[in-house]
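Here's the structure we're looking at; comments come further down.
The values are calculated or read from the model by the stated rules, or taken from the named source; none is laboratory data. The model shown is predicted, which means the values in this text are computed figures rather than measured ones. Note that each Cβ is placed from the backbone with ideal geometry, even for glycine, and that neighbours are counted across all protein chains shown. Calculation scope for accessible area: heavy atoms of the full protein, side chains included, ligands and nucleic acids excluded. Shrake-Rupley method; radii C 1.70, N 1.55, O 1.52, S 1.80 Å.
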Amino acid sequence: MEKIFEKLNDEQSDAVKQTEGPVLILAGAGSGKTTTIISRLAYLIKEVGIPASNTLTLTFTNKAAKEMRERALDMMPELSYPPLLCTFHKFGLLFLKFNIHLLGRKNNFVVIDTDDKKRIIKKINNTLPTPLIASEISRYKNSLLTPNDAYKQSELFNYQQIAKVYEEYESYLNENNLVDFDDLIALTYKLLNENPELANATSQKYQYIMIDEYQDTNELQLKLLQKLCATHTNLCVVGDDDQSIYGWRGAHIRNIMEFDQDFAGTSVFKLQNNYRSLEPILKVANALIEHNRSRLGKTLLPTRGRGEDVVTLNSQDENEEARKIATKINKLMDSGVSAQDIAILYRVNVLSRSIEDGLNRAGIGYKLVGGQRFYDRAEVKDLISYIRVITNYHDDFSFKRIINKPKRGLGKASVDKIELAAHAAEKSIFEFIKSSTIASLEALVRKKNTKTIREFIKDIESVSQVAKESTYEFIDTLEDTFHLKDIYKGQVDEQDRILNMDEFYALFRDFIKNSPESGLDEFLNELTLQSEQDQVEGESIYMMSIHASKGLEFKHVFIIGLEEGFLPLVGEGSDLEEERRLGYVSFTRAKDTLTLSHVGSRFYKGRRSDLEKSRFFNEAGLCQGSLKIEKNTAFKKGDLVRHKIFGTGRIIGVAKSGKEFKLKINFAGTKKDILASFIEKL
């Protein structure tokens, strides 16, 4: 027991010992929240006697889950069966594998990623913007709206079209036994909500639940947690309202602000000792966030002592800014600082270009986190599609991607004809080709191609059989059978693509070596659950958005773009308090030094604009001047709202009006301008 508490302060120890009932641990940046969570889990299992299988710990990224798993096993090496510690989406995946049959679905489903989702949508409708449709479908699912519900709610013609696409998209997923990211949680909740006995059994299994980064949860995740707590109230959430920065993708800060209202009898603990940053960094972070009014309130307390003052970097334009930052980074590395201890952060992705140019000129290696992922490269997507088809012959989406890779003489028109015929026969493309006569196929494609595609089907079945007999040897058989590297012969980037394919093959072998009992579908689902932060490794300085930096830390941090309009973003739909939280998150990534950069002008959206220094310098106590106090709005375009007289409507525009915000709202076809203070968000 002493080992559990030896590294904990009094506040952490108190939180660990409070095992019963709802618990809210407000953990400031760098306050040792992961240590507290893992210590609490160890205390439950080793001291209270709770079986590891009766605990459930959820977080948001694979990186965080991996770190927590490793630390938990280090603290409890004697465990024969480790506790379930994973992301929300991984939990949904595991749950659906056991229970999706209750929805009339097969459990050998495949999870599609965002890129796959957009391709399917574009196939259904290529007139409306695909990102808009994808975003709306995600919003519908997280609001538990069926396609029929979405259609009823859509007042505008475009949204009626989106509802129609949603309906066809859902049919496509069902027909091909696919699920998307949102389904992993939405279908899990649906099953628990529609099956009270299952909800009770699941709740009884997971008697003690802990949630990391609770401020990032959305409404659906809250509802899921309430179902998981159907038979008990032993829910411990750890989070920081000051680091709630994902409102734009559906996270609800109210979940942490009103946790005690959702779960009566809550015990609250505040972790305020900061073990990451030196005192000057914490001073500016505390000063900045104190200007927010919607917060539970806490102050980061330094434990590492004094250090260098926060540096303000003033430049005429982005090119001078890039030169100055490159010079400072070179000095740091010349003094012995490792490249991976340095990061450059920005609020708006486009600002990275000038810094990239500056680093290239200075010969400084960098890694752009959030750029194209390894798994999004065309050659890797092709390999994944092959494995998907070998796992599930009826995955038409993946089958169409590979049917002509390497080339088999089939043009788009021929593939479309086969797809239409298969659809008419109510069969998958694979099944249709396999069961069709030579004559019927020759009516759709050229005679010489008929034999080729029939051989393709036989090859897929042959490789699939190898996969069942020896998963480890499968990857060699895949390449030997289909000669996939030949696709890129003669191309300018042939070598790079082949290196990427070899990297993928090595990754597959490593996965099977470490998980010999796993099959191809487990490998595919693990790939789909990869996240942005899984890219952070290796020797280079890092460049990333502030959003991507959350949960990370670096000895030396440079933040660029501290100008009005960039940080904070101002204008339609912006939320000044969330912008301030972004500033706070970015400041608290720094351990030893923090440099804040602003310029007099930037070239942006095709023209050069003069810029005003960010108000955050003033609010953080880094310069003198008048404070900019203005009323902010959490309303944005597309929000569903209610007015006490005009009823329910949807926001179609947000504009500044003096110290207030003016909302343009469509009330069932009637458009009105209403001040935000008279509107309630639904």
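May I ask you to list the lysines whose Cα is less than 16 Å away from that of residue 270, ignoring any residue fewer than eight positions away on the same chain? By straight Cα distance, residue 270 reaches 17, 33, 298. Couplings 3J(HN,Hα) of the range 638-652, computed from phi: x, 5, 8, 9, 10, 10, 5, 9, 8, x, 8, x, 10, 5, 10 Hz, in residue order, whole Hz [Karplus 6.51 cos²θ - 1.76 cosθ + 1.60, θ = phi - 60°; x for Gly and Pro]. Evaluated with a Cβ-only charge set (Lys, Arg +1; Asp, Glu -1), the range 54-132 carries a dipole of roughly 520 debye about its Cα centre, given to the nearest 20.
The range 269-307 and the range 372-400 have Cα centres separated by 46 Å. Determine, from the Cβ-Cβ distance of residue 18 and residue 98 and an R0 of 30 Å, the FRET efficiency 1/(1 + (r/R0)^6), rounded to the nearest 0.05. The computed FRET efficiency comes out at 0.40.
Ranking 32, 145, 263 by how far each Cα lies toward the positive end of the dipole of the chain (charges on Cβ) leaves 145 at the top. Ranking of 245, 45 by solvent-accessible surface, largest first: 45, 245 (1.4 Å probe, protein heavy atoms only, all chains present). Rounded to the nearest 20, the Cβ-based charge dipole of the chain about its Cα centre (Lys and Arg +1, Asp and Glu -1) stands at 1820 debye.
When the helices of the chain are scored as -39500 (n - 2.57) per DSSP H run of n ≥ 4 and the total is divided over every residue, the value at 222 nm lands at -13500 deg cm²/dmol. Using a 1.4 Å probe, how large is the accessible area of residue 493, given in Å² and rounded to the nearest 10? Surface open to solvent at residue 493 totals about 60 Å².
The reciprocal of the average 1/r between distinct C-alpha atoms defines the Kirkwood hydrodynamic radius, which for the range 1-128 equals 17.4 Å. Compute the signed sum of charges (Lys and Arg +1, Asp and Glu -1) over the other residues within less than 12 Å, Cβ to Cβ, of residue 100. Taking every other residue near residue 100 into account, the sum is +3. Distance from the alpha carbon centroid of the range 99-125 to that of the range 140-209 works out to 12 angstrom.
With 0.36 nm allotted per residue and the present C-alpha distance subtracted, the residue 257-residue 604 stretch has 121.2 nm of extension available. Using the Cβ-Cβ distance between residue 81 and residue 272 with R0 set to 35 Å, the FRET efficiency works out to roughly 0.45. Relative to the longest principal axis of the Cα atoms of the chain, the long axis of helix 352-362 lies at roughly 90 degrees. Against the main long axis of the alpha-carbon atoms of the chain, helix 62-75 sits at an angle near 70°. Under 14 Å from a label point set 7 Å out along the Cα-to-Cβ vector of residue 540, the amide N atoms of the range 343-359 belong to 343-344, 356-357, 359.
Among 598, 483, what's the order by accessible area (1.4 angstrom probe), most exposed first?
Largest accessible area first, the list is 483, 598.
Using a 1.4 Å probe and counting only protein heavy atoms, arrange 124, 162 so the residue with the most accessible area comes first. All intermediate terms of the calculation are to be shown ahead of the outcome.
Values: 124 50, 162 0 Å².
Reading off the accessible areas and sorting them downward yields 124, 162.
The residues of the range 462-585 present an accessible area of 41 Å² per residue when probed at 1.4 Å with all protein chains retained. For residue 417, the aspartates and glutamates whose Cα comes closer than 18 Å to its Cα, not counting residues fewer than 8 places off in the same chain, are 395, 396, 426, 431, 442.
Give me the net charge for the shell around residue 590: Cβ to Cβ below 14 angstrom, other residues only, Lys and Arg +1, Asp and Glu -1. Residues near residue 590 contribute +2 overall. Taking Cα atoms only, the orientation of helix 378-391 departs from the longest principal axis of the chain by about 60 degrees. Legend: calculated FRET efficiency, residue 132 to residue 338, from the Cβ-Cβ distance at R0 = 51 Å, rounded to 0.05, equals 0.75.
Accessible surface computed residue by residue for the range 305-390, with neighbouring protein chains in place and a 1.4 Å probe, gives 44 Å² per residue. Summarising the amide proton neighbourhood of residue 271: residues at separation of 5 or more, or on other chains, whose placed amide H is nearer than 5 Å comprise 26, 27, 28.
In a simple Cβ point-charge model (Lys, Arg +1; Asp, Glu -1; nothing else charged), the range 562-620 has a dipole of about 320 debye relative to its Cα centre.
Note on the chain: percent of Cα-Cα distances in each 20 Å bin, starting at 0 and stopping at the bin with the largest distance, equals 15, 46, 34, 4, 0. Remark: the range 279-289, residue by residue, has Karplus-estimated 3J(HN,Hα) of 3, x, 5, 5, 4, 6, 5, 4, 4, 5, 6 Hz, where x stands for each Gly or Pro and the curve is 6.51 cos²θ - 1.76 cosθ + 1.60 at θ = phi - 60°. As a fraction of the 1.4 Å probe accessible area of the range 366-513, surface on carbon and sulfur atoms comes out at 50 percent. Projected onto the charge dipole of the chain (+1 at Lys/Arg Cβ, -1 at Asp/Glu Cβ, origin at the Cα centre), which of 387, 414, 88 gives the Cα projection farthest towards the positive end? The Cα lying farthest towards the positive end belongs to 414. Count charges around residue 420 for me, please; just the other residues with Cβ under 14 Å from its Cβ, Lys/Arg as +1, Asp/Glu as -1. Local charge sum for residue 420: +1. Each residue of the range 562-571 is assigned a 3J(HN,Hα), and the resulting list reads 7, 10, 4, x, 10, 8, x, 6, 10, x Hz, derived from the Karplus form 6.51 cos²θ - 1.76 cosθ + 1.60 (θ = phi - 60°), x at Gly and Pro. Here the label points at residue 493 and residue 233, each 7 Å from Cα along the C-beta direction, are separated by 5.6 nm in the simple model.
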